[in-house]
Every structure is written in structure tokens, then in C-alpha cells.
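Participant: To start, I am sharing the structure in question, which I have written as C-alpha cells.
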Amino acid sequence: MANGQEQFDAVIVGAGFAGLYMLHRLRGLGLLARLFEAGGGAGGTWYWNRYPGARCDVESMQYSYQFSDELAQEWSWSERYAPQAEILRYANHVADRFDLKRDIQFNTTVISAHFDTQSGRWDVETADGEHVSARFLIMATGCLSAVNLPAIEGRDSFAGATYHTARWPHDGVDFTGLRVGIIGTGSSAVQSIPLIAREAKHLYVFQRTPTYSVPAHNGPLDREEERRIKADYRGFRARIAETAFDVDGEINDKPALGTSEDERDAAYEKRWRKGGLPFLLAFSDLVFDLRANETAQEFVRQKIRAIVKDPAVAEALLPEHAVGTKRLCVDIGYYETFNRPNVTLVNLKKTPLAAIVPTGIRTTERLYELDAIVFATGFDAMTGALNRIDIRGLNGLALKDAWSAGPKTYLGIATAGFPNLFMIAAGPGSPGVLSNMIPSIEQHVNFIADVIEHMGKRQLAVIEATKVAQEAWVQHVNEVAAPTLFPSTNSWYVGANIPGKPRIFMPYIGGYPVYVQKCKDIAANGYEGFSLSSRSI
Ligand code: NA7
């Protein structure tokens, strides 16, 4: 530990929605916290992902903090699905309104955090060589923040410009007159492809796995609806929090199997017309029963066939996996874009990507000459941001070694062997990515702030998840995932997009309300499953 280093009650890593609210709560408890943020500003995901068309696919009226009624009432969204720039303004509004920035150190990357068994404190080191000491280390590093830039042969040999959707230049990119190649067809690609296609001379879409996407039917926010919701904002959000994913959308308790084909298609059609993620709530068995899921799959495939005029292109766009088991996309004119004469779909299933060369991308069939390449290749999800920092707990144990066979946590909030370390809403074993992120973040932050307050009142210095509680939680997380279709699909939920990553379905899919209740029960039982002690270890 460096001498004379600054001492804090807590270090928070990341100034996205999780870190900002955590800082606010800790201040409220009278704690001294320092927040380190790698980016040049607040906003996390919304700071980094500035690609054209980036917007939230949870409706605006549900995607905001609830901790301040004044904040909820004063902020007004412009569209049904808020665009990135507006969400970033909201994050900054929050940071300024609650005077958070004075405790945030921007442009500062945390590279290591070592727990000192003697002092019971974390020694946190930044890329600039600064060391600070803190009792608590709170990782607000996000679930989808560690960029995945695949090791494609010749990747760095390309002579033109390259971009990753999650590291988009702040001044934007002008593709006018350019031949552009985009690799990937996940959410980021689905949102950006229609806009890049409008600008580029020609856009080549390099698709490895076709994706299911449901129209957003975005538009200006209905002011009458906004007024109605704001008249009882708390009630509106509390009702939604009782649903499995904490997203509004008329859950249907009926199974698809056993429902007549006509009735089924009418239900899918109604949701297709309404748009958005609640398409998946059309029937209760869609993520449990492959035959039920096939009815939804086929509905979307028919839509693709109807939208895309060239039958060969339509055929190449048809997804085959169980719908919903890779993150469902929400789009504004995605499939329609393939009707443009300046857009070419390159089917990597048929003609795999061979290499990137100075002049473009070569598949096993031919060379595509390009002026720019966009990597829409996603993230090392959930564990990536944590494992990229050298985190060491008791006896120097590295987190990446502790998790080498797959991540293990208690509630997705803490992990055995790493005292006084908390993770917010991104930790494997938490509902995070399967729920509405901001409410999930608030719930975690409140849990963490409450336990810290509990410790303060009792003069307890150290908290650690017990191995027994952790094993039981991991088992429960696996048990609830097992009957679903999720574990069998290659997705970032199971780590399949990163070579060598242990294949485990990471999020908790037991339902948001069930999870919240478990957390409440655990807190009410004196933080059952955690060992709390008054001394250092
Ligand atoms: P995703 O959803 O992980 O999508 C990444 C895409 O990139 C996906 O289509 C991948 O194909 C493709 N990919 C990745 N590596 C390669 C290589 N080496 N060659 C060809 N294609 C590749 O990331 P997004 O940024 O779109 O979205 C992330 C989340 O943000 C999203 O789920 C929402 O929750 C918001 P694959 O499917 O692996 O075959």
C-alpha cells in the first residue's frame, strides 16, 4: 500500500446510473466516497454507445430513477423510446441536480483493487498510478461495458477507418459516399444499420447469426399518457415491479400450446403492431417450451418474408434459434433496410469471414472492398468489466481465478472471499439484464446502502458472503434457468460470444419480484448468508 494515500469510506467504480445513485445514497449516509470513471463524463452505457440510432428499448416512462419524486415529475421525455443523447442528458441532469460530480474523477481507469487482510481495506489503483484506500469497493461497472473486439485474422491491417458501436466518436461519423461494412446483427447493429444505410454509398452487412427483431413503432411521447402516468408515477412503477421482468406489457397467463392457431396469430399480430419487447409476453410458455416458442418464431419469420422483397435475402435473414433466448431486438425499419439497392447482406453461415485485409473484408467467397468497418460485435457481458480489473480478495485470490470455472455470487451482489466488495445489478446471479435496468440498479443500491448503514450502526467493519449461502444461491440460479430455453442457445447470456469463456447462464431468471422479496427477507433476517464482523480479518 502506498504511503499517504487518500482514505475513503468507499470507492465506486463507474459513473453510469448505478454509480451515480450509489454515490448519492452513500453521501446521504454521511460517507466519504470517491467515484472513478474511465470515460470523460457521466452516463455509462449512454456515454459510450453513441452509434447512430442508439436508443433504449424499454419505454421512456419506465426507464428512469424513482428515488426522487421531484426528479420524476420535472423530467420529460420526448419520445416513446428515448434516444441515447437524451438519456445522456438525463444522466448529467441527475449528476448536476444532486451535485455528484465533485466526488467523481473522470478519465480515470481503475486497474487493480487489492484487499488488505490486516487493515480490512481495499487498495485501489488507477492507470495513472494513483492509489487510494477504501473500506468498501463498489463495482458499478455495468453488464455490457467491456467491449468485444473479436480476434479476426488481419483485424488491424485494414487501411480505412474502423469503429466499434460502443466506442463511437463523440463528433459522429459521416459515411456519405463511403463503402461501409458492418460486422454483427445484434441490437446495436439492428439500430444503426437503417441509419448508416441512408448515408453510405453502399452498406455490406456481415451476418453470422440472423436476429429476431420486433418493430419499435417509436414516436413522440403521448403527452396525455405522460400526464396520466405522472399523476400516479409511484403506483404505475410499483405495479410494473410486480411483473417478472419489471417491464410493462400485458402479461398473458395462457400458454401458446392449447391456444388455436388463429387466436395465437391474432395475439402475436396485436403485439407486433404495438411493438417492443412485450412481444415475448404474448404467452406464458414461450421461454419454457420449444414447441410453443416455435409458434412465435414462425410468426416473426413470416413477417420477415413479407417485409423483405428478395426471397433469397429474406431466407438468409430468417433466425432459427428460440426467440427471446438471445436478446430480442427492437427496431425502426431494420428488415426494410434490406430492400434498399445500396444494402447487401453477406451470409457468413454460407461464406464465413476469412480475414480482414487492408482493402476490406474477405469471406471464403470473395473480397468486399470497403472504406470503413463498423464492429457491432458486442461485449464480454456481465463478467468482462470485473475480470479486466485485477481484483484480489482474501489471501491474494484473484477474482478471475475464483471465477475461472464460471462466476459465483450471492444474490449477484457479493462473492465469497472478497470482503466489503459489492456489485451493482450487473453481477452474475442477479436479474439485471433480464429486467428493467434502472429499477434493478436502484434496488441493488438500496440494498447495499442499507447494509452499510446496518454495519455502521452496529460498528461492524467487514461483510462477506458465506460460501454456503453462495453455493445455495448458485444452485437456485441454475435451477430456475434449467427448465427454460435460455441455457441451450449460444448467446452472451451464457458467455458463448467470447472464446474460452465458461458456458453458464449468468442472469437470475426466477423473476424480479421473487428476487426483490428474497433480498427483503435476507435483510430482515439480519443479512442472512453474509458473515458480519467487527474486526478486520
Ligand atoms: P450482441 O447482441 O452481442 O451482438 C453482437 C453481434 O456481433 C452478433 O450478431 C454476433 O454474432 C456478431 N459477432 C461477434 N463476433 C463476431 C465475429 N467474430 N464474426 C462475425 N460476427 C460476430 O451485441 P450488441 O452490441 O448488438 O448488443 C448488446 C446488448 O446491448 C443487447 O443485447 C441489448 O441488451 C443492448 P453471433 O450472434 O455471436 O453469431
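The values are calculated or read from the model by the stated rules, or taken from the named source; none is laboratory data. Everything numeric in this text was worked out from a predicted model, so none of it was measured. Ideal geometry is used to build each Cβ from the backbone, glycine not excepted, and the neighbour counts take in all protein chains shown. Keep in mind that these areas ignore ligands, DNA and RNA; they rest on the heavy atoms of the full protein, side chains included. Shrake-Rupley method; radii C 1.70, N 1.55, O 1.52, S 1.80 Å.
Participant: Would you please give the FRET efficiency between ASP116 and GLU226, computed as 1/(1 + (r/R0)^6) with r the Cβ-Cβ distance and R0 = 41 Å, to the nearest 0.05? If you can, show how the numbers build up before the last one.
Facilitator: Values: r = 50 Å, r/R0 = 1.23.
After rounding to 0.05, the efficiency reads 0.20.
Participant: Could you point to the residue in PHE158, ILE138, HIS93 farthest towards the positive end of segment 93-185's charge dipole, with +1 and -1 charges on the Cβ of Lys/Arg and Asp/Glu respectively?
Facilitator: Most positive-ward Cα: HIS93.
Participant: Report Rg(Cα)/(2.2 N^0.38 Å) for segment 1-103, keeping two decimals. List each step's numbers first, then the result.
Facilitator: Numbers: Rg = 15.1 Å, N = 103, 2.2 N^0.38 = 12.8 Å.
Here the Cα radius of gyration is 1.18 times the empirical estimate.
Participant: Continuing with the same structure: In nm, to one decimal, how far is the modelled label at SER488 from the one at GLU261, with both set 7 Å along Cα→Cβ?
Facilitator: Taking the two extended label points, one gets 2.3 nm.
Participant: If THR344, THR409, THR162 are ordered by their accessible area, calculated over protein heavy atoms with a 1.4 Å probe, which sequence runs from highest to lowest? Spell out each step's value before the answer.
Facilitator: Numbers: THR344 45, THR409 5, THR162 70 Å².
The residues order as THR162, THR344, THR409, largest area first.
Participant: Next question. With a 1.4 Å probe and all protein chains kept in place, how much accessible area does LEU485 have, in Å² rounded to the nearest 10?
Facilitator: Rounded to the nearest 10, that gives 20 Å².
Participant: Work out, step by step, the length gained on full extension between GLU79 and HIS217: first 0.36 nm times the residue separation, then minus their alpha carbon distance; give nm to one decimal.
Facilitator: Details: separation 138, 0.36 × 138 = 49.68 nm, distance 1.06 nm.
The span from GLU79 to HIS217 would gain 48.6 nm if fully extended.
Participant: Run the dipole for segment 215-305 about the Cα centre, Lys and Arg Cβ at +1, Asp and Glu Cβ at -1, nothing else charged, and hand back the magnitude in debye, nearest 20. Write out the running numbers ahead of the final one.
Facilitator: On the way: 17 positive and 19 negative charges, 80 e Å.
The calculated dipole for segment 215-305 is roughly 380 debye.
Participant: Using the Cα centre of the chain as the reference point, and only Cβ charges (+1 on K/R, -1 on D/E), how large is the resulting charge dipole? Debye, rounded to the nearest 20. Could you put the intermediate results ahead of the total?
Facilitator: Details: 55 positive and 61 negative charges, 103 e Å.
Value, rounded to 20: 500 debye.
Participant: Would you please give the FRET efficiency between GLN302 and ARG458, computed as 1/(1 + (r/R0)^6) with r the Cβ-Cβ distance and R0 = 45 Å, to the nearest 0.05?
Facilitator: Details: r = 61 Å, r/R0 = 1.35.
Between GLN302 and ARG458 the formula returns 0.15.
Participant: Ok, one more. Need one number: % antiparallel among DSSP beta bridges in the chain, to the nearest 5. Provide the component values of the computation, followed by the final result.
Facilitator: Values: 27 of 67 bridges.
If we restrict to bridges inside the chain, about 40 percent are antiparallel.
Participant: Next question. Remind me, relative contact order of the chain in percent, using alpha carbon pairs under 8 angstrom and six or more residues apart?
Facilitator: Details: 1093 pairs, mean separation 106.3, N = 537.
Contact order relative to length: 20 percent.
Participant: Just grab the label-to-label distance for GLU369 and LYS274, each label 7 Å out from Cα along the Cβ direction, in nm (one decimal).
Facilitator: For GLU369 paired with LYS274, the spin-label model returns 5.1 nm.
Participant: Placing +1 at every Lys and Arg Cβ and -1 at every Asp and Glu Cβ, with all other atoms neutral, what dipole size does segment 126-189 have around its Cα centre, in debye to the nearest 20?
Facilitator: On the way: 4 positive and 6 negative charges, 42 e Å.
Roughly 200 debye for segment 126-189.
Participant: Give, to the nearest whole percent, the P(r) tail of the chain beyond 34 angstrom, counting all Cα pairs. Walk me through the numbers before you get to the answer.
Facilitator: Details: 56118 of 143916 pairs.
Cα-Cα pairs in the chain separated by more than 34 Å: 39 percent.
Participant: While we're looking at this one, here's another question. Any idea what the relative contact order of segment 406-537 is, in percent, if you count C-alpha pairs under 8 Å spaced at least 6 apart? Display every interim value, and only then the final one.
Facilitator: Working: 192 pairs, mean separation 42.7, N = 132.
Result for segment 406-537 is 32 percent.
Participant: Right, here's the next one. Using R₀ = 22 Å, calculate the FRET efficiency as 1/(1 + (r/R₀)^6) where r is the Cβ-Cβ separation of PHE106 and ASP171; round to 0.05.
Facilitator: Numbers: r = 18 Å, r/R0 = 0.84.
Taking R0 as 22 Å, the efficiency between PHE106 and ASP171 is 0.75.
Participant: For the chain, what does the accessible surface come to per residue with a 1.4 Å probe? Please give it in Å².
Facilitator: 41
Participant: Another question, if that's okay. Please arrange GLU37, GLU153, GLU79, GLU6 by accessible surface area, largest first, computed with a 1.4 Å probe and ligands excluded. Kindly include the intermediate steps, with their values, before the conclusion.
Facilitator: Values: GLU37 10, GLU153 130, GLU79 45, GLU6 90 Å².
Result, largest first: GLU153, GLU6, GLU79, GLU37.
Participant: Still on this model: Cut-off under 17 Å on the C-alpha distance; same-chain residues fewer than 8 positions from LYS201 excluded. Which aspartates and glutamates are left, in chain and number order?
Facilitator: ASP174, GLU369, ASP371
Participant: Below 8 Å, C-alpha to C-alpha, sequence gap of six or more: please give me the relative contact order for segment 469-537 in percent.
Facilitator: Numbers: 41 pairs, mean separation 19.0, N = 69.
Once divided by the residue count of segment 469-537, the mean separation gives 28 percent.
Participant: Counting only protein heavy atoms, what percent of the accessible surface of the chain is carbon or sulfur at a 1.4 Å probe?
Facilitator: Values: 10900 of 21790 Å².
C and S fraction of accessible area: 50 percent.
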